[in-house]
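Written out below as structure tokens is the structure these notes cover.
The values are calculated or read from the model by the stated rules, or taken from the named source; none is laboratory data. Because the structure is a prediction, the values reported are computed rather than measured. Every residue, glycine among them, receives a Cβ derived from its backbone with ideal geometry; neighbour counts consider all protein chains shown.
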Amino acid sequence: MGAAISGQVLLDWRLPREKRRRVRAIAALLWELRQKVAGEAARSGGDVQRAVLELVPALENHHERLGVPRALLAEYLDGVQLDLVRDRYRDWTQLRQYCRALVGAPMEMVRLALGGDPALGRDGSLGEAWQIAGILWNLSDDLARGRVYLPEQDFLIHGARLEDLAAGRATPELLALVGVYTSRAAELFAKGRTHAAALPNDGSRAWALGWIARREAMLARLAERPEAVFAVEKKLTLGERMLPLTFRAGAPSASREK
């Protein structure tokens, strides 16, 4: 998620200066933590857990410097650990834990940095939806790197086969599996968008909703043509890519327009 947030802040001009500074600092920290875990794990023969534990004492310093809750930083490190050591997920519960830690925790950091009301409580729906959309969009590419994020249990339930995915065969079983997760992500976006819509109307709300709309555009593309997950290269249209710049708070999202 560090990389995901880093991409977002490239077009963060609509945020107030102090909020822009805080979000960029959070993005830089997440990237730094991930790189340190990966680097230390490589030096210690692949011991990712040890690499994570060595970073835990420094979390209090990051909390004091950026005001980021220590628990969210620790949860993000758990997500990094999962991302580095696990190539398959058993079921939706496992995948959901991964999405909430790697993506949901950073999103909550950013929500609070943008002035989100802590009293609203945390809703992990947006982080889950964001990551599922990315998993579906990169399904074939990830498989080529030996990673399959969609749960083994769901492959079995739908009768889908990894061999068909690897061969690029859009079987009814695979398309049904993609359809289930496309619908799940759309429902989670609808639920999680409420927290973004409650952000201050100083540019923060439009910024967050614009980036959500762009992610939803990816999901809408797959909902229209689920076989697109097998495409080697998938691109958003210029209009879809520009959503973070053109979105206005209160406007309909990309998925609703479609």
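Residue count for the stretch 74-90 under the criterion of being within 24 Å of Ala144 (Cβ to Cβ) and in contact (Cβ under 8 Å) with a residue 24 or more places away in the chain: the result is 9.
Taken over the stretch 84-99, the residue count meeting the criterion of being under 13 Å from Leu156 (Cβ atoms) and out of contact with any helix residue (DSSP H, G or I) (no Cβ under 9 Å at 6 or more places or on another chain) is 0. Here Ala51 fulfils each of the conditions (1) at pLDDT 90 or above; (2) surrounded by 17 or more Cβ atoms within 10 Å (Cβ to Cβ); (3) more than 21 Å from Gly203 (Cα to Cα) apart from (1). Checking each residue in the stretch 45-73 for being touching a residue at least 24 places away in the same chain (Cβ under 8 Å), touching a Leu at 6+ places or on another chain (Cβ under 7 Å) and not β-branched (Val, Ile, Thr) picks out His62, Leu66, Leu73. Just to be sure before I move on: is Ala58 at pLDDT below 90 and over 18 Å from Met109 (Cβ atoms) in the structure I sent? No: the conditions fail for Ala58. Scanning the stretch 111-132 for residues that are within 16 Å of Leu209 (Cβ to Cβ) and surrounded by 24 or more Cβ atoms within 10 Å (Cβ to Cβ) yields Leu126, Gly127, Ala129, Trp130.
Before we move on, is Glu108 within 12 Å of the chain's Cα centre (by Cα), buried (at least 18 other Cβ atoms within 10 Å of the Cβ) and assigned to a helix (DSSP H, G or I)? Here the answer is yes, as Glu108 does meet what is asked.
Only one of these is within 27 Å of Pro118 (Cβ to Cβ), of a type in the set (A, V, I, L, M, F, W, C), out of contact with any Gly (no Cβ under 8 Å at 6 or more places or on another chain) and surrounded by 15 or more Cβ atoms within 10 Å (Cβ to Cβ): Leu15, Leu66. Name it. Result: Leu66 is the single residue among Leu15, Leu66 that is within 27 Å of Pro118 (Cβ to Cβ), of a type in the set (A, V, I, L, M, F, W, C), out of contact with any Gly (no Cβ under 8 Å at 6 or more places or on another chain) and surrounded by 15 or more Cβ atoms within 10 Å (Cβ to Cβ). Among residues of the stretch 151-171 that are without any contact (Cβ under 8 Å) to a residue 12 or more places away in the chain and closer than 13 Å to Leu139 by Cβ, those with a Cβ under 9 angstrom from a residue that is small (Gly, Ala, Ser) and not in a helix (DSSP H, G or I), sequence gap 6+ or separate chain, pair up as Asp164/Ala170.
For the stretch 48-105, the candidate set comprises residues that are under 26 Å from Leu143 (Cβ atoms) and basic (Lys, Arg); within that set, the residue that is farthest from the chain's Cα centre (by Cα) is Arg90. Taking the criterion of being part of a helix (DSSP H, G or I) and more than 12 Å from the chain's Cα centre (by Cα), the residues of the stretch 111-134 that qualify are Arg111, Leu112, Ala113, Pro118, Ala119, Leu120.
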